[in-house]
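Quick note: the coordinates plus some simple rules give every number you see, no bench work behind them. Bear in mind that the values here come from a model prediction, so they are computed numbers and not experimental data. Here the Cβ is made from the backbone with ideal geometry for all residues, glycine too, and neighbour counts use every protein chain on show.
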Amino acid sequence: MTVGPPPAEGGADAYWLRRAVDLSRNCPPSTTAFSVGAVVVAADGTVLGQGYSRRDCPRDHAEEVALREVEADDPRLGGATLYSSLEPCSARSSRPVPCAELVLGTRVPRVVFAWREPELFVDCDGAERLRRAGRDVVERPDLVGGVREVNAHLLG
């Protein structure tokens, strides 16, 4: 069981987002999808689930993989934070349920991401959807460098 700092604005959020970016480096290459990493962290700093895009299936998104590792009725989800290197998607062509909706199907109250999804594949409004549903959404553009580096092959 992996444990790190309890989720909180500042250094702890940066720690977990860097972990998400590190996970994204494991993504099999794709010219049609971003490389993304995600970590679900309990309030005490315990990792509940983690993953990266295309880990188990070519259509997997990182948030989907990380959430799949956590039992839906795990009481720790009610105080957890989902860290994703990229804004949770609000539309996708590979599966019927976008990641923002997957998050809303859980009790996870807080989402932290580094980079808003560029309009390369879809027009994403995942952060706004999550906020409208009452979730605490934190954007950390100061950590976008690593995410851009991992996805440089898509950015030209």
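For a test of the definition: using alpha carbon positions, the gyration tensor, and the 1.5 limit on a/c, classify the chain as rounded, prolate or oblate. Each step should come with its number before you reach the end.
Values: a/c = 1.43, a/b = 1.29, b/c = 1.10.
Rounded, because the longest to shortest axis ratio a/c is under 1.5.
Helix 11-24 against the longest principal axis of the chain: what's the angle in degrees, Cα atoms only, rounded to the nearest 10?
Compared with the principal axis, the helix lies near 40 degrees.
Below 8 Å, C-alpha to C-alpha, sequence gap of six or more: please give me the relative contact order for the stretch 58-156 in percent. Before the final figure, lay out the partial values.
Numbers: 131 pairs, mean separation 27.0, N = 99.
Across the stretch 58-156, relative contact order equals 27 percent.
Take every DSSP beta bridge whose two residues both sit in the chain, then give the antiparallel share in percent to the nearest 5. Before the final figure, lay out each step's value.
Working: 10 of 19 bridges.
For the chain, the DSSP antiparallel bridge percentage is about 55.
Please identify every one of the chymotrypsin sites (Phe, Trp or Tyr not before Pro) in the stretch 1-108 that sits in a loop by DSSP and has no more than 13 other beta carbons within 10 Å of its own beta carbon.
Values: sites: 15, 16, 34, 52, 83; in loops: 34.
When the chymotrypsin sites (Phe, Trp or Tyr not before Pro) of the stretch 1-108 are filtered for loop state and at most 13 Cβ neighbours within 10 Å, nothing remains.
Between exposed GluC sites (Glu not before Pro) in the chain, where DSSP calls loop and at most 16 other Cβ atoms lie within 10 Å, what's the longest gap?
Numbers: sites that count: 9, 69, 71, 119.
Value returned for the longest uninterrupted segment is 10-68.
Run the numbers on the stretch 27-84 and let me know its relative contact order in percent, using alpha-carbon pairs under 8 Å that are six or more apart.
On the way: 110 pairs, mean separation 21.1, N = 58.
Rounded, it is 36 percent for the stretch 27-84.
Hey, got a sec? Which trypsin sites (Lys or Arg not before Pro) in the stretch 1-88 land in a DSSP loop and have at most 14 other Cβ atoms within 10 Å? List each step's numbers first, then the result.
On the way: sites: 18, 19, 25, 54, 55, 59, 68, 76; in loops: 25, 54, 55, 59.
Here the sparse-neighbourhood loop sites are 25, 59.
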